[in-house]
Amino acid sequence: MGQTAENCARIIINTLQISLSVEDYIKQVTQIHHKIMPSAQLMPDTECLYTRAAEIVASEYGKTFTWEMQVACMGLKARADAKYNIDTLDLPLTVDQYLDKVSRVYKTVFPSAQFMPDTERLYTEATQIIASEYNKVYTWEIKVQCMGMKGAMAAQLIIDSLELPLTVDQYLKKIISQYDSLFPNANILPVETLSETERLYSAATQIVIGPYGKEYTWEIKWPLMGRVGIELAKGIVGALQVSLSPEEYLTQVEEQYKHLFPLAQLMPGAEKLVRHLHKHNIPIAIASGGAQDSFELKTTNHKEFVSLFSHVVLASTDPEVENGKPAPDVFLICAKRFPDSPNPDQCLVFEDAPNGVEAGVKAGMQVVMVPDPRLAQEKTKGSSQVLKSLEDFKPELFGLPTYDD
């Protein structure tokens, strides 16, 4: 444990009797990684996010979590992994402090994982069923330590952490019994109705305010949805009473955006709808409250998809947009830039936030709202239609071509 990349390479070379030098082995492993998994797109989503979490913690101290470090950490237990990262990056943290930071990042970043097989939830559920037999709780902190372990090693850690009166063989027999009953129900996790970018904004905020002992709750978040830039920063700093100026908050949260926004995924039903409208030559555009730099980050892996839109209007950086949502400016400017400059009542807006709905209504447009399920029903008033998901949208109800399938 705590092996460097060179030591790991040396062990593998000696064990497998590979005719390569340590330097050549590391070089080839790095090259293979980049060829097979460009930008980590083919990595299991959680593995990609483990790496993101380490990068986020390292970046707080101006350090970089490298691929060589990732190789060296593979298979290490949580405390050994923490010790290795602290020593390698010369971080001013104890092991417990590092694990606390990483755990906080996991809690906020992991909800952004998309299209993950449901098995991870079922592993946790199976473990909790066993723990509850002995009035114990399988906590997130224990789960973090088990990540990457399998079989007997994970069983022993869980037994020791929860002080279960079981041998490893007894525990494994119990857990396998639970798997047999739970796993036939595994499916693909549905992505929540909330847009992925909105979730990533929340994750970035929590990472920044976490060290101050604060939590970015839904009650604080929903009134601020739709605000951007300094206005959003003022709202968050004021509501949470953190010892940061709005400008300091913005600097810190924008650094987190760089790590998180490239992970953004499309909402369920979004791609089907957009490609359908594009195929039938229905003019479509993007009107967002965001800025150009954050938009570029969020669409890193969706350039072809974005190219289907006629144009993009970003309220925070577009000189023509004087006021952000709930003012109607961004929607009116967006409509004006279509080649035929349609009247507002000929435009249909899709929104997820009350401020966005208000902006669309003030612009004189019809609005389809796909709100977060936690949003109170009265906050959806004003919209022409409220949907649980874009997958439920029926184009023909608004005079648009019916889906082909």
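Can you name the residue in the range 218-248 that is at pLDDT below 90 and either outside the structural domain of T205 (by TED's automatic domain parsing) or among the charged types (D, E, K, R) (or both) and, of all such residues, is surrounded by the fewest Cβ atoms within 10 Å (Cβ to Cβ)? Filtering the range 218-248 for residues that are at pLDDT below 90 and either outside the structural domain of T205 (by TED's automatic domain parsing) or among the charged types (D, E, K, R) (or both), the one surrounded by the fewest Cβ atoms within 10 Å (Cβ to Cβ) comes out as E219.
Restricting S288, S245 to those that are more than 22 Å from the chain's Cα centre (by Cα) and among the polar types (S, T, N, Q) reduces the list to S245. Of all residues in the range 321-362, which are acidic (D, E) and surrounded by fewer than 20 Cβ atoms within 10 Å (Cβ to Cβ)? Matches in the range 321-362: E322, D340, D345. The set of residues in the range 224-239 that are over 21 Å from A287 (Cβ atoms) and not basic (K, R) comprises A233, G235, I236, V237, G238, A239.
Looking across K388, K303, K394, one residue alone is of a type in the set (K, R) and farther than 21 Å from H278 by Cβ. It is K388. The lone criterion from (1) in contact with a helix residue (DSSP H, G or I) (Cβ under 8 Å, 6 or more places away or on another chain); (2) touching a residue at least 12 places away in the same chain (Cβ under 8 Å); (3) within 23 Å of L266 (Cβ to Cβ) left unmet by G364 is number (3).
Rundown of residues vs (1) modelled with pLDDT of 90 or more; (2) in a helix (DSSP H, G or I); (3) of a type in the set (G, A, S); (4) not assigned by TED's automatic domain parsing to the domain that holds L277, yes/no style:
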| residue | (1), (2), (3), (4) |
| --- | --- |
| I333 | yes, yes, no, no |
| G364 | yes, no, yes, no |
| L375 | no, no, no, no |
| E378 | no, yes, no, no |
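For the range 227-288, the helices (runs of 4 or more DSSP H) that sit wholly inside it and include 1 or more residues that are in contact with a Lys or Arg (Cβ under 9 Å, 6 or more places away or on another chain) are 229-240, 246-260. Reported count of residues in the range 174-193, each being surrounded by 13 or more Cβ atoms within 10 Å (Cβ to Cβ) and modelled with pLDDT of 60 or more, is 5.
The values are calculated or read from the model by the stated rules, or taken from the named source; none is laboratory data. Note that the structure is predicted; figures quoted are calculated from it, not measured. Positions of Cβ are backbone-derived with ideal geometry, glycine not excepted, and every protein chain shown enters the neighbour counts.
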